[in-house]
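Read the figures in this text as sums done on the coordinates, not as results from a lab. All of these numbers come straight from a predicted model, not from anything done at the bench. Here Cβ is always computed from backbone atoms with ideal geometry, including for glycine, and neighbour counts include all displayed protein chains.
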Amino acid sequence: MTPDPFTSDGRRDDAGRVTDGQVAKSVRHMLSEDRTCELLGIQVESAAEGRACARMRVRPDMVNGHAIVHGGLVFALADTTFACAVNSYGPPVVTASANITFRLPGHLGDDLIAEAVTRSRQGRSVICEVTVRRGDDVIAEFSGRGAQIVLADGAPSAGRSPVPGSLSGRAGDEEHRARPAGADTDAVDGSAVPGHASGR
């Protein structure tokens, strides 16, 4: 049995550990329903124990009017890698909030590699950081907060009532959907579970 990498206060205690080509079953299932990775050519290389690695080659249709990769696509790569990391534990997690800092521009033909590490995991809240690189150059740094969602039957589905005692506290009200703990939005569509490029 793999030891819990988190201390009692939720901080990660295995900064040196990396995954090596493993993709957790929960992530494989998530990606099987995802179309964003296919559209953008994102390849997930590993996702296990709260860590993930994915890559994306910058194509001609990804370059903006400044002849650099569109920032939204770099965000999509980072968010996808985030989703793979935080969903590697099993329970479905969506993005509740995220910030990105662009350090250097990416260009046509660049092979961008994103690496995600879960830093904190307490209750239904998860903090994960992602670094996007081109070789040794850091292109962007992403920090996201994920929230575990509560689903009625364990399968993502839009418009279903959350289970009794779930975060929304509105079991039986068909107008409300399962939503992440502490989410600022009124509702989260369960079908958006990450292949995430935005909270899959």
Seminar exercise, completed: Spelling it out for Gly106: with amide H atoms placed in the peptide plane at 1.01 Å from N, the residues 5 or more places away or on another chain with amide H under 5 Å from its amide H are Val69
Problem set entry | Full-stretch length increase - Arg28, Leu108 - with 0.36 nm per residue and alpha-carbon distance subtracted | 25.9 nm
Problem set entry | Cut-off 9 Å between beta-carbons: net charge of the residues surrounding Asp111, Lys and Arg +1, Asp and Glu -1 | +2
Exercise. Looking only at segment 105-136, which residues have a backbone nitrogen under 18 Å from a spot 7 Å from the Cα of His66 in the C-beta direction?
Worked result: 105-110, 132-134
For this session: For Ile42, enumerate residues with amide H under 5 Å from its amide H, sequence gap 5+ or separate chain, H modeled in the peptide plane.
Result: none
